[in-house]
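Heads up: the structure comes next, in structure tokens.
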Amino acid sequence: MDEPKGIYNFNVIEKKWQGVWESEKTFAAGSSDDSRPKYYILDMFPYPSGAGLHVGHPEGYTASDILSRYKRMKGFNVLHPIGWDAFGLPAEQYAVQTGTHPAQTTQKNIDNMRRQIKSLGFSYDWDRQVDTTDPNYVKWTQWIFLKFYNSYFDEAAQKAKPIEELPIPEGLSEVEKTEYIDNHRLAYEHEAPVNWCPELGTVLANEEVVGGVSERGGHPVVRRPMRQWMLRITKYCERLLAGLDGLDWSSSIKKLQHDWIGKSIGAEVDFQIDGFDDKIRVFTTRPDTLFGATYMVLAPEHPLVEKITTDDNKAAVDAYVEAASKKSDLDRTDLAKGKSGQFTGTCAVNPVNGDKIPIWISDYVLISYGTGAIMAVPAHDERDYEFATTFNLPIIEVVKPDEPVEGCFSGNGTAVNSGQFDGLRTPEFKEKIADWLSEKGLGEKAVNFKLRDWLFSRQRYWGEPFPIIHAEDGRRIALTEDDLPLRLPEVEDYKPTGTGEPPLAKVTEWVNVTLPDGTRGKRETNTMPQWAGSCWYYLRYTDPTNNDKAFDPANEKYWLPVDVYIGGAEHAVLHLLYSRFWHKLLYDLGYVQAPEPFTKLINQGMILGEDNQKMSKSRGNVVNPDDVVHDFGADSLRLYEMFMGPLEASKPWNMSGVEGVYRFLGKVWRAVIDADTGAVVPAIQDAEPSEETLRLLHQTIKKVGGDVEGFAFNTAISQMMICINHIGKLKVRPRSVVEQFIQIVSPFAPHICEELWEKLGHTERLAYHPWPKFDPELVKEKEIELAVQVLGKIKDRIVVAADASEEAIKEAALASEKVQAAIEGKTIRKVIVIKSRLVNIVAN
RNA sequence: GCGGAUGUGGCGGAAUUGGCAGACGCGCUGGCUUCAGGUGCCAGUGGGGGUUAACCCCGUGGAGGUUCGAAUCCUCUCAUCCGCACCA
């Protein structure tokens, strides 16, 4: 049976307009000399997975698209790009299994996801796509790596500078000089115990290990020493911390980054080892508790352990060190309920009182934090307290709490048993003792951070190769810009070697090179982690096809910083911290002018399955956007994703809800188009709207505009629904009202609106039509209903003029019969009039 | 254990930030249109009581408090979710 001509046929309409936008390049961003103000709206680009899009992706993308379309209508030159974070483990794992080149898999997945994203009508500038695996992109990722490699951090200036400017101490030999320089590069090689995952055949960053197992796949992780590339992110701790202040990010995300960087202020103190020339330096945030230090603990990996251990204790200590080195992260965290340790047989001297205190080793002290050694104050530190009670070590109270406390007290109080410092409050004591220590040459104020240097290499094939050659004679040669990109070689198989050697090591014809001077060398066979490409993609979007530069400074200056960045909260720490770090390096070297890359950050919440559980294949509750588009259309999907609830909240999917917004679109359609003929309905006329209609329209313009700016899309849609419910009922629908209504719906449901706009006789695109203006006078209600309360309970409602005086309202309220009845026999104490809200009469 | 977020009808959620709780949508009930409806339209829909009318009482996880007035502020408490997890 033929469908009526004028039915809302979303399938046809959506394909039509997607085609028009594509061929007309409707959403190409203007150039950097555009006279309009710029606005850069960025989505976190997706990993092109084989599973394709799930309904979580379009949530953030729809929000950013609505904002982009709105801003264009508001007269902004909008940059709204998309791309592909295309390096990643799944494609490589698939390659290991099937032998398919990861590039092939990746390309296939990109094509599919691009099709899906295009079917949702997002207004991306498709000519600016970036693909992190594209050699033209990899080239510049490698180029930035070389910037790290060829820079050092000037502590005094607190910024990175080219390595050539590094002041080199006098009197160093050539070898020492090289070593000195290498020790200051922001990218450096480091032999260290790392998180080795045998299952994945690779090393993981600390952040990629969750609860002792790999974040991806949940495989066990063990500690193992290996040569790795590191980036000196710790040099930027202060600036990464300080930079957070000015950012318009949610306080919870800022706090997460703040805590991750983990700054603590305290002092470093030297303890003389009894019977040795060596000193043990400790870091403490509580130098005021020095008098209560009754023992010391070294990390098992501490370099002095072997030296100071007495013969009597050697066997036990060696065994403990051996056991600790084998412990996986899981063992060190989960099994850390009880404290273990070994006495070295040696004592140290407490510098403040000369007491001899035993030196122990224990794995509750971490070699990677502070100095790898602590002074233990069991009276005022939970961990030390637990250790001391386990091993029967003395506990001396040196801080008197204001209120008596059971067991260990770690708060502020008054100093006791602390010699000349007795009676001081904790904060003053901290100040005084730090000065005292530095006067005596025993220590100094110090700051420590939790953040560690970034483990930047992976033993994988599918990543950016490092542009580094290790020469036979031990020199390390960095490629020059002209040598880039260094491409990945073709390989026979993608299996990890199992030894920790990356797959690239097997490709001898690629690995072995002859240098211009005739010496032979080997290429670096590690590759970069997936984060590398995503650290700077927002910069490449400003100049995506530039072959001479990563991006033109003029473009960066115009577009950066990103005005709004939308994405999932799962990247709260890693991606956002790493990006900020890279950005700051480029800032220091003069390549970018904005100190921070992302001004405003919005984190969309998770979309759960209909069963209120996280969507997953195994639960069978995954909703595929393709199906929703097929059944209800892209406009309905977009609208529903936004109508579900606040953008930042997680909320469950509900297919009936999609039908609800679909019905709304049907109403919009039928308000304009005759379902039988497909013509504009005769009710639409060039007529003056009634006062009521005009008021509702202007209220809607105001509400929707304000809500879009405030990312409250759900309430914007609800206002549109109220508005169309009214318009649909009108016998005569003034053309101007209908047209303005369509304009404000268009960022949300662009296909249907473009179609209706055209049907109404317009030939230009709605996409750049100016956003309608509201008149504040027209928004105001003429008459308003007020609740009248007596003692807070509603007794009646009165209608008054919107501009009625307080006196008049009071009079009207008291005139109500119901109010009179309620206050009969009582004395009116007070009448509270809240204009345009209510009246409360206090009487008793 | 520490930190953060959230808690409102049968469901998703509103509430101008201290001022009429439940907007809007889903679902449900009844009616109209229709040969028919997974269509459209109209009406109703927090709970309890009530001569099913007027009206009354209760109600925003729980218990207190501040206030003329609290979903909103304060104290305590419970539940769920998410981070971090020996960082000296």
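We did not get these values from a lab; they are worked out from the coordinates using the rules stated. None of the values given here were measured: they were computed from a predicted structure. We place every Cβ from the backbone using ideal geometry, glycine too, and count neighbours over all the protein chains shown.
Structural remarks
- For region A:263-449, fraction of C-alpha pairs farther apart than 27 Å, in %: 25
- In this calculation the C-beta distance from A:S35 to A:S264 is compared with R0 = 45 Å, giving a FRET efficiency of 0.35.
- Amide H contacts for A:N77 (H built 1.01 Å from N in the peptide plane; partners 5 or more residues away or on another chain; cut-off under 5 Å): A:K38, A:Y39.
- Our coupling estimate for region A:357-365, obtained by passing each phi through the Karplus curve with A = 6.51, B = -1.76, C = 1.60 and θ = phi - 60°, is 10, x, 9, 10, 10, 7, 7, 7, 9 Hz, Gly and Pro reported as x.
- Rough spin-label spacing in nm, given labels placed 7 Å along Cα→Cβ, for A:V96 and A:V491: 1.0
- 10 Å binning of all Cα-Cα separations within region A:781-843, expressed as whole percents from 0 upward: 25, 59, 16, 1
- Here is the list for region A:679-731: trypsin sites (Lys or Arg not before Pro) lying in DSSP coil, each with at most 10 other C-beta atoms within 10 angstrom of its C-beta, are A:K731.
- Relative contact order computed over chain A (Cα-Cα under 8 Å; 6+ residues apart), in percent: 15
- Estimated FRET transfer efficiency when R0 is 30 angstrom, pair A:A679-A:T715 (beta carbons, to 0.05): 0.30
- Among A:421-433, A:537-549, the order from most to least packed when residues are scored by Cβ within 10 Å on average: A:537-549, A:421-433
- Legend: translational diffusion of region A:95-252 by Stokes-Einstein, Rh = Kirkwood radius over C-alpha pairs, 4 °C, 1.567 mPa s; D = 64 µm²/s.
- In terms of its Cα atoms, chain A spans 101, 87, 51 Å along the principal axes, sorted from long to short.
- The lysine pair tally for region A:781-843, using Cα distances under 18 Å and a gap of 8 or more places or different chains, is 17.
- Here the sum of -39500 (n - 2.57) over DSSP H runs of 4 or more residues, divided by the residues of chain A, equals -10500 deg cm²/dmol at 222 nm, to the nearest 500.
- Relative contact order of region A:781-843, taken over Cα pairs closer than 8 Å and 6 or more residues apart, is 40 percent.
- In order through region A:124-137: 3J(HN,Hα) via Karplus (6.51 cos²θ - 1.76 cosθ + 1.60), integer Hz, x for Gly, Pro: 6, 8, 5, 6, 10, 3, 10, 10, 5, 8, 5, x, 6, 8
- 5 angstrom amide H check on A:R460, placed H, neighbours 5+ away: A:T527
- Pair-distance profile P(r), taking every C-alpha pair of region A:693-813, with 5 angstrom steps and integer %: 2, 10, 17, 17, 15, 12, 9, 7, 5, 3, 2, 0, 0
- Taking label positions 7 Å along the Cα-Cβ direction at both A:D435 and A:K667, the computed distance is 7.2 nm, reported to one decimal.
- One quarter of the convex hull surface built on the alpha carbon atoms of region A:484-625 amounts to 14.0 nm², the projected area averaged over directions.
- Computed from phi, the 3J(HN,Hα) profile of region A:678-690 under the Karplus parametrisation 6.51, -1.76, 1.60 (θ = phi - 60°) reads x, 8, 5, 5, x, 4, 7, 9, 7, 10, 6, x, 5 Hz, with x in place of Gly and Pro.
- P(r), alpha carbons of region A:628-778 - 5 Å bins starting at zero, rounded %: 2, 9, 19, 22, 22, 15, 8, 3, 1
- Distance-filtered residues of region A:216-255 - backbone nitrogen under 19 Å, label point 7 angstrom along A:K326 Cα→Cβ: A:220-226
- Near A:Q789, the amide H atoms lying under 5 Å from its own belong to A:K795, A:V839, A:N840, A:I841; only residues 5 or more places off or on other chains count, and H is placed 1.01 Å from N.
- With contacts taken as Cα pairs under 8 Å and at least 6 residues apart, region A:628-778 reaches a relative contact order of 29 percent.
- Compared with the direct C-alpha span, the chain from A:Q420 to A:K818 gains 135.6 nm at full extension, assuming 0.36 nm per residue.
- Pairs from the list A:K38/A:K159; A:K307/A:K327; A:K307/A:K400; A:K235/A:K440; A:K495/A:K651; A:K118/A:K161 with a Cα-Cα gap above 32 Å: A:K307/A:K400; A:K495/A:K651; A:K118/A:K161.
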